[in-house]
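Only one structure is covered here, and it is reproduced in the block below.
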Amino acid sequence: MSGSVWRRRALVAVVLMMTSVLAGCGLRGAGQPGGAGSFTIRFSHVVTPSTPKGQAATKFKELVEQRSAGRIHVEVYPNSELYGDGNEMQALQSGAVQMLAPASAKFTTIAPALQVLDLPFLFGSVQEIPKVVARDTAAGRAIFESQELAKRNIRALELWDNGLKQLSSNRPMTTPADLTGLRFRIQPSDVLRSQFEAWGARSTPLAFAEVYSALQQGLIDGQENPYSNISSQKMHTVQRYITESDHGYIGYLLTINEKFFAGLPPDLQRVVLDSARDSAAYNRQVSERLNAEAKRTIQQAHTTEILTLTPEQRRALTDAVIPSVWRQYENVIGKDIVEELLARRGGR
Ligand code: LMR
């Protein structure tokens, strides 16, 4: 082979390599008028566009593209279509995607302290959520000052939420005894495993995209999620009962690859930060309404009975996990944080 063919091949290889490196960094091409580059943010998530997270992602895209006057292009990939629970964290760290918004439980391996948000009955109602997770609270500090995330090139911008989780299965469940022997799908969090253990149930971690078919095939008996996730995944069509337990929280860490963020010019960093903040406000506005609508959709489908708990039944479920499960994770979450949260609840 002649020297010039080798040189041409080497040049093509270098160009391809540079293209994929630039794609990994989200850089679309430099040299726009004014000397500024333009950037692409690939934003992957696992739920449908109709859910509180899906709608907040769309809002974030609109705000960023408008405020950056097109210098940042945001591509949103819903429904695990680009990356799912099994590979999205790796994709974020390597820069194959620039942004994600996984539920906090999905960070358990990377940042175990974030399991603070999985503590059962952490919130008495959705109205308490913003106060408890504000940046200057124990839970807020665990999220926004996480060294484990920083070490892995991940910056948490905001917390979006999807309200509180309900229990579903094919058995009516109002007391811990009703859960005995059932197998629930969980997100990969030890706190969630211990929660179900304390109720006498078993659990299996499973990717979100697999939950519907696992329920349909009877590989698991039940699961826990807010109404919007149950309805948008049609889980209610394969679950005869939902207990309105409001026992757990689904909060999403809106995260960005730190290297990508640091490589943005300061004015575009501001656009990203402001749009993250405003999409979080939007998410809080829509989350409660979307979950209420999803509950109505489930009721109208007449496939599933929704059971409400008496104060005594709720207390029995709570007493089985607080303080025992909370204390079990003091060393993981931080003793001071657990103490602060327990004190907030009046010691239980
Ligand atoms: C789940 O896995 O159940 C949820 O985290 C899915 C989601 O992103 O709401």
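A few points about this structure:
- Considering only residues in segment 206-232 that are in a loop (DSSP other than H, G, I, E, B) and near the ligand (Cβ under 9 Å from one of its atoms), the one that is farthest from GLU88 (Cα to Cα) turns out to be PRO226.
- Condition check for THR303: assigned to a loop (DSSP other than H, G, I, E, B) and not hydrophobic (A, V, I, L, M, F, W, C): yes
- Scanning segment 124-147 for residues that are in contact with a helix residue (DSSP H, G or I) (Cβ under 7 Å, 6 or more places away or on another chain) and either in a helix (DSSP H, G or I) or crowded, with 23+ Cβ neighbours inside 10 Å (or both) returns VAL126, PRO130, VAL132, VAL133, ALA138, ALA139, ALA142, ILE143.
- Any chance ARG284 is surrounded by fewer than 20 Cβ atoms within 10 Å (Cβ to Cβ) and either away from the ligand (no atom under 16 Å from the Cβ) or outside any helix (DSSP H, G or I) (or both): no
- Within this structure, GLN66 fails the test of being under 17 Å from the mean Cα position of the chain (by Cα) and over 22 Å from LEU206 (Cα atoms).
- Number of positions in segment 76-107 that are within 11 Å of the ligand (Cβ to nearest atom) and surrounded by fewer than 19 Cβ atoms within 10 Å (Cβ to Cβ): 2
- Wholly enclosed helices (runs of 4 or more DSSP H) of segment 1-111 bearing at least 2 residues at pLDDT 95 or above and in contact with a Leu (Cβ under 9 Å, 6 or more places away or on another chain): 52-67, 88-94
- Of all residues in segment 113-120, one or more are more than 16 Å from the ligand (Cβ to nearest atom), within 18 Å of the chain's Cα centre (by Cα), over 19 Å from ASN225 (Cα atoms) and assigned to a helix (DSSP H, G or I).
- Of all residues making up segment 233-270, the number that are touching a Lys or Arg at 6+ places or on another chain (Cβ under 7 Å) and farther than 24 Å from LEU117 by Cβ: 2
- Any hit, segment 117-125, residues being touching a residue at least 24 places away in the same chain (Cβ under 8 Å), touching a Phe, Trp or Tyr at 6+ places or on another chain (Cβ under 6 Å) and more than 14 Å from ARG344 (Cα to Cα): yes
- Any hit, segment 239-251, residues being in a loop (DSSP other than H, G, I, E, B), at pLDDT 95 or above and surrounded by fewer than 18 Cβ atoms within 10 Å (Cβ to Cβ): yes
- Of the residues in segment 157-178, at least one is crowded, with 20+ Cβ neighbours inside 10 Å, of a type outside the set (Ser, Thr, Tyr), more than 12 Å from the ligand (Cβ to nearest atom) and without any contact (Cβ under 8 Å) to a residue 40 or more places away in the chain.
- Residues located in segment 307-347, provided they are touching a Lys or Arg at 6+ places or on another chain (Cβ under 7 Å) and closer than 21 Å to ASN225 by Cα: ILE322
- Inter-residue pairs, beta-carbon under 8 Å, first surrounded by fewer than 21 Cβ atoms within 10 Å (Cβ to Cβ) and in segment 316-338, second assigned to a loop (DSSP other than H, G, I, E, B) and small (Gly, Ala, Ser), 6+ apart: PRO323/GLY347
- Residues located in segment 181-194, provided they are in a loop (DSSP other than H, G, I, E, B), within 16 Å of the ligand (Cβ to nearest atom) and crowded, with 19+ Cβ neighbours inside 10 Å: GLN187, SER189
- Members of segment 195-205 found to be surrounded by fewer than 20 Cβ atoms within 10 Å (Cβ to Cβ) and either under 19 Å from THR109 (Cβ atoms) or within 14 Å of the ligand (Cβ to nearest atom) (or both), listed by number: THR204, PRO205
- Residues of segment 49-92 that are in contact with a His (Cβ under 7 Å, 6 or more places away or on another chain), under 19 Å from ILE250 (Cβ atoms) and either hydrophobic (A, V, I, L, M, F, W, C) or without any contact (Cβ under 8 Å) to a residue 24 or more places away in the chain (or both): ALA57 alone.
The values are calculated or read from the model by the stated rules, or taken from the named source; none is laboratory data. Fair warning: this is a prediction, and the values are worked out from it, not measured in the lab. All Cβ positions, glycine included, derive from the backbone under ideal geometry; neighbour counts span all protein chains shown.
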